[in-house]
Amino acid sequence: MMRNERGALPTDVYLSSVSSLYEHRRTLVVGMLSHVATFLLVYLKSADPFYLGCTIAVVILWMLRSLDMARFDRQDFTGADRATLRKWENRYIVGGVSATLTCGIACGYAIAVTQDSFSQLACISVTFASMISLVGRNYGSERAVLLLSSSACLPIVVGLLALGDPFMLVLAILIPPFIFSTWAMANNVRAFLYENVLAAQIRTIAGQFDAALNNMTHGLLMLDGDNRIVVANERACVLLALGDKVNLKGRPLADVLAHVCRRMSLGEEKGGAIARQLDRLVKGGPSHTLVHISDELSLEFSANRRNNAEIVLTFEDVTARVQAEKQILRMVRFDRLTGLPSRDYFAELAHDAAISEGAPDRDVGLLLLDVAEFKHVNDTRGHVIGDKLIQAIADRLRALAGRDAIAGRLMGDEFAVFFPNTVDSADLEERIQILHTGMHGIYAAAGFTFNIVMSGGLVIVKGSDFRFEDSRTKADLALSETKARDKGGCTAFESEMDARYRDRQKLKSDLRNALGAGALSVSYQPMFTPDGARVECCEALARWMHPERGPVPPAVFIQLAEEMGLVTEITRLVLLQACRDCLAWPADVSVSVNLSVLDFRNDDIIDLVTETLKETGLSSARLHLEVTESCLMDEPVKVCAVLRELRERGITIAIDDFGTGYSNLSYLDALPVDILKIDRSFVRNIGDDARRFKLLCGAGDLARALDLKAVVEGVETAEELHLINAYRCADLIQGFVFSAPMPASAIAVLCKTDGRKNSTTTSSSHIA
Ligand code: C2E
Ligand code: MG
Ligand code: MG
């Protein structure tokens, strides 16, 4: 029979033994009925109330035992311990012994007291019959067999001895061997059953279990309470690089791990870390743990604790998954083009460096760098070469940042460098300036050379105050200042910038409200013939009267509207108003409307213009549209196509602020334009500055050579006007010398003035 080292049955086998005692209840009923029938019969024959008492006792005992059996059925024995099982075994034995003792006593009474042969025969027959069935019912418990058969037989022995007859004495002596033979029979049945039936089954199950265990994709180690290996499958040996047929049974887990580390030459530190990881797992820390044995091997271990302190460790090879995750992480963390950390990872690195490396009161710096005119590179050389240039810039940045600083690419042509752990801010600023200067210069990419300057914005804060988003916003503000004032320079953040930023945000929200409330208006500035005799066209200029700040310059709010994506709303408004107002002017006076670069990003600018003309009934010949040079540079092909289409519909196109934009004159020839509006910067100081005046004349000559009309903007003084007219630089003059912008009604009056002869006094009274 299968017993453990202490000679006891394994708990699960013991449980089935005890359970077997509570089974076969039908034989119990049959036994009870035969006892009742026998004792009743004896009672009827002998009229001895003792047997009636036996009958009642048998029934009561049967009822009590049935109740107890029902209680047994209701018990949950999952995980039951030996003590519980023994308690139920004892309960059964008490019930059984009570029943057999009743039978035994009835026999003893018949033998010694009534001495009636019928009673003796009936009682002894039914008791010995019960003894035979006792083996079949109770073979599961050795104690039950011994106690039940003893309790049935011993009263018979006592009865026989009480007769004092020598023959009866011999009979009494013969009965105990009978008890022992019953006991031996039950033992034989039990042993046979275990060894030939159960053991065979167990062997089959063990074989199947072994096959299943060794065909698992997971490695499995079962440990006992002392962390010694009880069961190990072949996969475990393979995964731990121990070969496939190593016998690990009985070996402590720590020894096996040490052996694995030696075989894989992992070194003491690594081995110790792995051992600690598994130790935490085994001790019930996390339910699973990922162990990176080497770059080529990562195993994920899970632990499952069983009730008897045994632990099942399962583990699988997750190297492919870990490597895929690493790859994904690398893709997420690093910019694919440059290999620099991308925005989020850069933020993470900067944050970690700010708090871990430097003492909290040391300064750290964040520098944002923007490649000036990078868009132009993309537009003129294409994105592939643009990408190569970005790579070359990233390489230089990485080299200049070195080990002390962290470089990253935030987006497009915007880079960032974080400077951690510096002792004093003067030194830090110097280092940042050196890096910034180093970034300027010649870059070679895809066979081309580019002379690059980079605008910078920087912020320096205490390491403990560093918050990436906050510092980035500040550095961004500083960068915007650089871009606006000093392209290629580097500006440090100042708190006023923050105030300016908030102010701008407030103005943006006010502008949105003003647009919604229709609070914007339009003024017109006339363009005169050089002699000032006649107005040929009026430029429509948007006006915003802020309720608290007064008039806001269009240069300010148009830029805000562009940033907010609302500028086309303003174009729509001005265009409509301009066309309506122009209808009230003499038929030979046109109106000129400014377009924003962003108007060309929408596909419906042509529709907008056409529909407005249709709606107002203004002839297309009376509408001029002004576009700046930068507008043409932004998306040359698209803008040209749109302008050509508009021009074909009879609209006049003017280039505004000529001379301030990108100074590539070669585009002029190909452009569908009619008018060149020479910027007022060419006019300033022409009385004293002969070179500037030559430039102005040159611009006028260029316009004429290209068959374009030249409008000179910003003429303020009579002297300037005189010079311009003396050298015939302009076809039309726009400037304060003749008239400032004024309301539409004033234009109507101006045009009706006798001979429309201009007078500066008239116009200046209408300044809007
Ligand atoms: P711009 O299109 O070049 O308009 C001419 C600007 O020069 C006007 O400034 C005008 O008042 C100013 N100006 C005219 N004569 C003189 C002069 O003799 N001396 C000086 N110093 N300035 C003179 P304003 O109205 O402040 O407009 C500035 C810019 O705002 C405009 O320059 C234009 O680019 C933009 N803008 C104005 N209204 C609109 C609009 O409705 N849509 C768009 N997209 N831009 C607009
Ligand atoms: Mg203009
Ligand atoms: Mg202009």
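Placing unit charges on each Cβ (+1 for Lys and Arg, -1 for Asp and Glu) gives the stretch 219-324 a dipole about its Cα centre, and among L299, V238, L223 the Cα reaching farthest toward its positive end belongs to L223. In angstrom, the C-alpha Rg and Dmax of the stretch 45-114 are 16.3, 53. Would you mind checking K388/K487; K506/K752; K638/K694; K326/K388 for any pair whose Cα atoms are more than 31 angstrom apart? Too far apart for the 31 Å limit: K506/K752; K638/K694. Each eigenvalue of the Cα gyration tensor of the chain, multiplied by 5 and square-rooted, gives one semi-axis; in descending order these are 111, 34, 21 Å. For K462, the lysines whose Cα comes closer than 27 Å to its Cα, not counting residues fewer than 8 places off in the same chain, are K474, K483. Evaluate the Debye formula for the stretch 336-493 with equal point scatterers sitting on the alpha carbons, no solvent, and hand back log10 of I(q)/I(0) at q = 0.14, 0.15, 0.16 Å⁻¹, in q order, two decimals. The computed values of log10 I(q)/I(0) come out as -0.64, -0.73, -0.83. Placing unit charges on the Cβ atoms only, positive for Lys and Arg and negative for Asp and Glu, gives the stretch 628-729 a dipole magnitude near 220 debye about its Cα centre.
Within 10 Å of each candidate Cβ there may be at most 13 other Cβ atoms; applying that plus a DSSP loop requirement, which trypsin sites (Lys or Arg not before Pro) in the stretch 524-595 survive?
Sites meeting the loop and neighbour criteria: R549.
What does the charge count near Y727 come to, summing +1 for each Lys or Arg and -1 for each Asp or Glu among other residues with Cβ under 15 Å from its Cβ? Intermediate values should be presented prior to the final figure.
Working: positive: R691, R692, K694, R704, R728; negative: D531, D689, D701, E719, E720, D731.
Once all neighbours under 15 Å are counted, the net charge is -1.
Ordering T102, L721, S125 by the projection of their Cα atoms onto the charge dipole of the chain, which places +1 on the Cβ of Lys and Arg and -1 on the Cβ of Asp and Glu, puts S125 at the extreme positive end.
Seen from F557, the other residues with C-beta closer than 15 Å to its C-beta sum to a net charge of 0, counting Lys and Arg as +1 and Asp and Glu as -1.
Taking other Cβ within 10 Å of each residue's Cβ, how do S739, S620, S356, S141 sort, fewest first?
Numbers: S739 29, S620 16, S356 10, S141 23.
Starting with the residue having the fewest Cβ neighbours, the order is S356, S620, S141, S739.
Remark on H546: its backbone amide H falls under 5 Å from those of V552, a criterion applied only to residues 5 or more positions apart or on other chains, H modelled at 1.01 Å from N. Using θ = phi - 60° in the Karplus curve 6.51 cos²θ - 1.76 cosθ + 1.60, the 3J(HN,Hα) couplings for the stretch 395-404 round to 4, 5, 4, 4, 5, 6, 5, x, 8, 7 Hz; x is entered for Gly and Pro. With θ taken as phi - 60° and the Karplus curve 6.51 cos²θ - 1.76 cosθ + 1.60 applied, the whole-hertz 3J(HN,Hα) list for the stretch 474-481 is 5, 4, 5, 4, 5, 5, 4, 4 Hz, x standing for glycine and proline. Close amide H contacts of E539 (hydrogens built in the peptide plane, cut-off under 5 Å, sequence separation of 5 or more or a different chain): Q525, M527, S592.
Among beta bridges from DSSP that stay inside the stretch 507-751, the antiparallel ones total about 40%. This ranking places S298, S34, S287 by how few other beta-carbon atoms lie within 10 Å of each, fewest first, which gives S287, S34, S298.
Between the stretch 42-65 and the stretch 475-489, the alpha-carbon centres lie 113 Å apart. Residues whose amide H comes within less than 5 Å of that of G687, counting only those at least five positions distant or on another chain, are absent (H built at 1.01 Å from N in the peptide plane).
Over the chain, what is the relative contact order in whole percent, taking alpha-carbon pairs under 8 Å and six or more residues apart? Intermediate values should be presented prior to the final figure.
Details: 1153 pairs, mean separation 47.2, N = 768.
Value for the chain: 6 percent.
Size of the stretch 219-324 from its Cα atoms: along the principal axes, largest to smallest, the extents are 38, 28, 24 Å.
Computed about the Cα centre, the dipole magnitude for the stretch 219-324 is approximately 240 debye when only Lys and Arg (+1) and Asp and Glu (-1) carry charge, each at its Cβ. Test of the criteria: in the stretch 194-259, which trypsin sites (Lys or Arg not before Pro) are in a DSSP loop and have at most 12 other Cβ atoms within 10 angstrom of their Cβ? Those satisfying the criteria are K245, K249. Fewest-first ordering of E430, E645, E296, E536 by other beta carbons within 10 Å of each residue's beta carbon gives E296, E430, E645, E536. For the pair the stretch 543-576 / the stretch 696-752, the C-alpha centres are spaced 25 Å from each other. Charged side chains reduced to their Cβ positions (Lys and Arg at +1, Asp and Glu at -1) give the chain a dipole of some 3460 debye around its Cα centre.
Modelled spin labels at L169 and A587, positioned 7 Å past Cα toward Cβ, are 16.3 nm from each other.
For the chain, adding -39500 (n - 2.57) for each run of n ≥ 4 DSSP H residues and dividing by the number of residues yields -18000 deg cm²/dmol at 222 nm. Each DSSP beta bridge with both residues in the chain is either parallel or antiparallel, and the antiparallel ones are about 70%. For the stretch 507-751, the share of alpha carbon pairs falling in successive 10 Å distance bins from zero is 7, 31, 37, 21, 3 percent.
Toward the positive end of the charge dipole of the chain, with +1 on the Cβ of Lys and Arg and -1 on the Cβ of Asp and Glu, the farthest Cα among L643, S17, L750 is that of S17.
Values in this text are rule-based calculations from the coordinates and carry no lab data. These numbers were taken from a predicted model, which means no experiment stands behind them. Here Cβ is always computed from backbone atoms with ideal geometry, including for glycine, and neighbour counts include all displayed protein chains.
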